[in-house]
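Below is one structure, written out as structure tokens; comments come after it.
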Amino acid sequence: MTSTLAPAAVARPLLRLLVVAAMTLPMLILYAVGVLGPSLQRDLGIGLAAVGLLPMSCFGLAALLSLGAGQVVVRLGSQRALALLFASVALAYALLAGLPGLGGVIAAIAVCGLAQALANPVTNLLIAEQVPPAERAGVVGLKQSGVQLAALLAGLLLPTLSLWLGWRGALAGLALPALLLAAAALATLPPATAAGQPWRWLAPNRPLRLLMGVQLCAGIGLSAFVTYLPTFAAGGAWRRSRPAPCWPPSAWPA
């Protein structure tokens, strides 16, 4: 990422809000699935095993798109890439309000995978362009706190909102803030001034492969814990039962 500051600096509070929100809103869907898992099971008529398909659709797509997300961000520039991130979040949460059935929910949540793939590249580029070198470490730490903020907001707000609006309404309510943030990115960030570098694929070296392996293990543990612990606790799934077959979906336990 370039370290040259963009000529049109963004106000510090707004910049910090944008980078934190860019990390918070895409990740919130993971914690939302865990918090709202029992409601999803009842409303969709799905078994416990099927709940795992929801974060899988999002993070699976994010993993694939991340392979080229950095180059896409450089080509689009931080302004358009950040607006695309927030727009995809708004679309995902809006689709959750209307698409029926398990397939519709899986498709809607998968759209968040695009936002997750863009989140780190675009926020890193934005920090490199807009934040003086002496302040970058603090802003990077601040933007990473958006992941934990997503967990806080999901646990604090979504259960109460789902009682009033249902789980679909609670998630659809997040579409409006995402749209406002997309508009703010377009209105306040400077447009890209240089073309991106030519596309090329670089195979990961050994240290990067090791890091990817560590991240893979951490992600498996986190996703399993976040997705299933609330559902097990709320649904009384601690009871002993025979293991259910994984396929077909009609065999999954209710």
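The values are calculated or read from the model by the stated rules, or taken from the named source; none is laboratory data. This one's a predicted model, so the numbers in the text were calculated from it and none came from an experiment. Here Cβ is always computed from backbone atoms with ideal geometry, including for glycine, and neighbour counts include all displayed protein chains.
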Count - residues of the range 127-159 that are among the aliphatic types (A, V, I, L, M) and under 23 Å from LEU30 (Cβ atoms):
12
Given the condition at pLDDT 90 or above, polar (S, T, N, Q) and out of contact with any Pro (no Cβ under 9 Å at 6 or more places or on another chain), answer yes or no: does some residue in the range 76-96 qualify?
no
Per-region count, the range 130-159, residues buried (at least 18 other Cβ atoms within 10 Å of the Cβ) and either closer than 19 Å to LEU91 by Cα or of a type in the set (Ser, Thr, Tyr) (or both)
3
Looking at the range 160-193, which of the residues that are within 17 Å of the chain's Cα centre (by Cα) and part of a loop (DSSP other than H, G, I, E, B) is surrounded by the fewest Cβ atoms within 10 Å (Cβ to Cβ)?
GLY173
When you go through (1) among the aliphatic types (A, V, I, L, M); (2) touching a residue at least 40 places away in the same chain (Cβ under 8 Å); (3) closer than 28 Å to GLY104 by Cβ one by one for LEU186, which number turns out not to apply?
(3)
